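Undergrad: Let me begin by handing over the structure; questions about it come next.
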Amino acid sequence: MTSRSIHGRDIADLLAPQGARRQDLPGFDTDYADIVDYIIRCTHRIWEQKDVGLIATHYAPDIVVHTMTGPVVGIAGVIAGTARTLSAFPDRTLIGEAVIWSDEGDGAYLSSHRITSIATNTGQSELGPATGRRIAFTTIADCLCKANLIVEEWLVRDYSAMALGLGYRPRTIAHGQAEADRAAGPPARWRIEAMEEISAVSSTPFPNGPMPPVTQAEAFAHGYFDRALNHRRFGTVRDVYSPAARWFGPGGRRLFGHGEVTGWMTALIGTFGDLRVRVEHVAAVGDEIAVRWSAAGTHDGGALYGAPSGRPIYILAVTHWRHAHGVIVEETTIFDEIALLRQIEGGL
Amino acid sequence: MTYFHRTSRTTTLDWLRGRDALVAADLADRIETGKFAVTTETVGCLTLHRFRNDAGSGWSRHVWSRTEGEFVVSETVVEDGAASCRALSHDFETKAQRLGESAVIHVPLGEMRAGSGQFAAGETALLPPGLPEAIRPIADVIQRAWNGRDFAALDRLWAQDVAWTGPDSQQGNRAALVSWIAALIGKFDDAVLLFEEAILEGDRAALLWRLHGHHSAEAFGVSPAGTRIRLIGSTVLRLLDGRVVEDETLIDPLAAAAQLRVRPIAY
């Protein structure tokens, strides 16, 4: 028994009654046929049907939601955050673009759910006053699910694309948030610990051998991030991406081909010269791979985010790849650039 | 073909996501183009749309689709924005300015000839894996003509009297095609053509490609400022006895002009 992919299926099919269970889901509600069904259907119920209270039956009471602005602990915070977002964007639709999952054993599953949201900003949001604009932005939610409950979540949202769509400057928002952070007290302990954990990971020997094939997702993901980013072998892009690869990233950036994808990697290291990257989780289904990664470094270059500040930064990101003919043909990488700028401005 | 809830549409300047957004865009398009007769022709996953009014003026649109089953999951659309402006009585410069201001254009990243440096303009096209190998002779000629600036390479496959149709409804033979390529590259002197998709079906061949370059000479009424321009191009060919006898090549001049009129967004 296994889960049925969203490949080739419209939302009408995905949300229709799914019949008998297709996957071993101990402790899950009987109307969920598999982990993909669970993720798509409960997202629709909570967000689109506004049954926010279902968070109580779908999230563990002691849930930890990891974000680039810090962990949110407990369902009260999840419910409050959901209600705040819905009041700012009441017509938000959540278009599931991918559900890439892995079996974590003992009845648990990790789902990496990529969502395009279309939403009209009719209320005050965490980014500013209502603008009346309709925007599109990408979110990836990595959810560890067990017995009908999301027990831990890693949430990355393209806040800079939201800000730009609403007509705001990301840095202006980040500057205000950073001022508030500094007024509130010393730097956040969670962020310092996260950066220390990443920096403590030992360097690997210089990678000289061939890359694992993309079909070996776990080895490929670890090998690629270590080689291309930690060892600065940006030329790896030529080996593992299609010359016609499409790349989607923070701020709604759209890049194409080896030159621009390499340019992103170069600019990232050109901005954070000592950046260290740690791959935290890999999931793969069919031709899709999800990689959650984190990074720590120093803002010592001006390639992406203005004049160097010398401040330490932490990144939590998720990358989704689609591959064909042995190479990556499409990538979506999401992290919260406003949270990054907030750190650069001296916040968190 | 039907849209998915998650279907997306890429144009040179825009990225529409979700069925609702595409349906809304299609409705707006239908209202705007309703007075025009539309003919369509399909070559593999490419649909050619030709809009014509009673006076015979009009424009072309190429729609490349990727499908999953009976659904379209993504589209790439290339349209002759200059000809459509003329046919719809829109002021080209005003529309280009408005389009540019509404687009989110980031600072450019990376080079256009990654890792190939001085060898980027070689004899052999860099084709994405999975493209039909039989497209290679055509792609290699395009590679030599566009990236190698060796326009005589077209003589190998393009008939001298090829019926060429280009952007802004330009028409002519091989010499006209060469003049157009040379003029375009002359405005973006480091321009690189990158192949994305290809089709071979019967006597037709089609290629989807990108053209990236930096603005180096007066173009579309704008003085050169080094702005990186990123265009999507689409070429559909008819072959007879191994020679190209028809060539319809599209880029969107309106999207090009729009990019030259705006600065990248400030973070």
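Where a number appears in this text, it was derived from the coordinates with a stated rule and is not lab data. Note that this is a predicted model, so its numbers are computed, not measured. Cβ sites come from the backbone with ideal geometry, for glycine too, and all protein chains shown count toward neighbours.
Undergrad: Which of the peptides A:100-111, A:37-48, B:126-137 is most tightly packed, and how do the rest follow, going by the mean number of other Cβ atoms within 10 Å of each residue?
TA: The densest-packed peptide leads the list: A:37-48, A:100-111, B:126-137.
Undergrad: What is the ratio of the Cα radius of gyration of region A:233-348 to 2.2 N^0.38 Å, with N the residue count, to two decimals?
TA: Relative to the rule-of-thumb radius for its length, region A:233-348 sits at 1.08.
Undergrad: At 222 nm, what value in deg cm²/dmol follows for chain B if DSSP H runs of at least 4 each add -39500 (n - 2.57) and the sum is divided by all its residues, to the nearest 500?
TA: Value at 222 nm, helices only, nearest 500: -7000 deg cm²/dmol.
Undergrad: Something else: In region A:1-157, with Lys and Arg counted as +1 and Asp and Glu as -1 at Cβ, which of these residues, A:PRO61, A:ALA12, A:LEU110, has the Cα nearest the positive end of the dipole, that is, farthest along it?
TA: Farthest towards the positive end: A:ALA12.
Undergrad: Just tell me how shielded A:237-250 is by partners: mean number of partner chain Cβ atoms within 10 Å of each residue's Cβ, no decimals.
TA: So the per-residue partner count for this stretch is 4.
Undergrad: Defining a contact as two alpha carbons under 8 Å apart and six or more residues distant in sequence, what relative contact order in percent does region B:214-267 show?
TA: 32
Undergrad: Also, quick follow-up: State, as an integer percentage, the relative contact order of chain A based on alpha-carbon contacts under 8 Å between residues 6 or more apart.
TA: This gives 15 percent for chain A.
Undergrad: If all Cα-Cα distances of region A:8-116 are sorted into 5 Å bins from 0 onward, what percent lands in each bin, rounded to whole numbers?
TA: Pair shares across the bins are 2, 10, 19, 24, 24, 13, 6, 1, 0.
Undergrad: Here's a follow-up. For A:LYS50, list the aspartates and glutamates whose Cα falls under 14 Å from its own Cα; do not include residues on the same chain fewer than 8 positions away.
TA: Qualifying aspartates and glutamates at Cα under 14 Å: A:ASP91.
Undergrad: Over its Cα atoms, what ratio of radius of gyration to 2.2 N^0.38 Å does chain B give?
TA: 0.99
Undergrad: Would you mind giving the mean number of other chain beta-carbons within 10 Å of the Cβ of each residue in B:108-120, as a whole number?
TA: 6
Undergrad: Continuing with the same structure: Using alpha-carbon positions, what is the distance between the centroids of region B:1-71 and region A:261-310, in Å?
TA: 37
Undergrad: Please state the relative contact order of chain B as a whole percent: Cα pairs under 8 Å, 6+ residues apart?
TA: Averaging sequence separation for qualifying contacts and normalising by length gives 19 percent for chain B.
Undergrad: Could you work out the helix-only [θ] at 222 nm for chain A, with each DSSP H run of four or more residues adding -39,500 (n - 2.57) and the total divided by the number of residues, to the nearest 500 deg cm²/dmol?
TA: Rounded to the nearest 500, it is -8500 deg cm²/dmol.
Undergrad: At q = 0.21, 0.24, 0.26 Å⁻¹, what base-10 log of I(q)/I(0) does the Debye formula yield for region A:246-307 when every alpha carbon is treated as an equal point scatterer in vacuo?
TA: Summing over Cα pairs of region A:246-307 leads to -1.03, -1.16, -1.19.
Undergrad: Here is a follow-up. Name the long-range amide H neighbours of B:ASP190: under 5 Å, sequence gap of 5 or more, or other chain; modelled H, no Pro or chain starts.
TA: B:HIS214
Undergrad: Where the convex hull is taken over the Cα atoms of region A:113-227, what is its projected area averaged over directions, in nm²?
TA: Result: 11.6 nm².
Undergrad: Where does the protein assembly as shown land on the Kirkwood hydrodynamic radius, alpha-carbon pairs, in angstrom?
TA: Hydrodynamic radius (Kirkwood, Cα only) of the protein assembly as shown equals 25.8 Å.
Undergrad: Which of the listed residues, A:ALA161, A:THR319, A:GLY297, is farthest toward the dipole's positive end in chain A, when Lys, Arg count +1 and Asp, Glu count -1 at the beta-carbon?
TA: Working it through, the farthest residue towards the positive pole turns out to be A:ALA161.
Undergrad: Which whole-Hz ³J(HN,Hα) couplings does region B:76-83 yield from phi under the Karplus relation 6.51 cos²θ - 1.76 cosθ + 1.60, θ = phi - 60°, glycine and proline marked x?
TA: 10, 10, 10, 10, 7, x, 6, 5
Undergrad: Enumerate the calculated ³J(HN,Hα) couplings along region A:157-168 in order (Karplus 6.51 cos²θ - 1.76 cosθ + 1.60, θ = phi - 60°), each rounded to whole Hz, writing x wherever the residue is Gly or Pro.
TA: 10, 7, 5, 5, 5, 4, 4, 5, x, 7, x, 9
Undergrad: Here's something else I'd like to know. State to the nearest 20 debye the size of the charge dipole of the protein assembly as shown about its Cα centre, where the only charges are +1 on K and R beta carbons and -1 on D and E beta carbons.
TA: Approximately 1080 debye in magnitude.
Undergrad: Something else about it: Work out how far the C-alpha atoms of region B:1-71 reach from end to end along every principal axis, then list the three figures in whole Å, largest first.
TA: 39, 26, 22
Undergrad: Quick one: P(r) of chain A from all Cα-Cα pairs, 10 Å bins, percents rounded to integers, in order of increasing distance.
TA: It works out to 5, 24, 35, 26, 9, 1, in whole percents.
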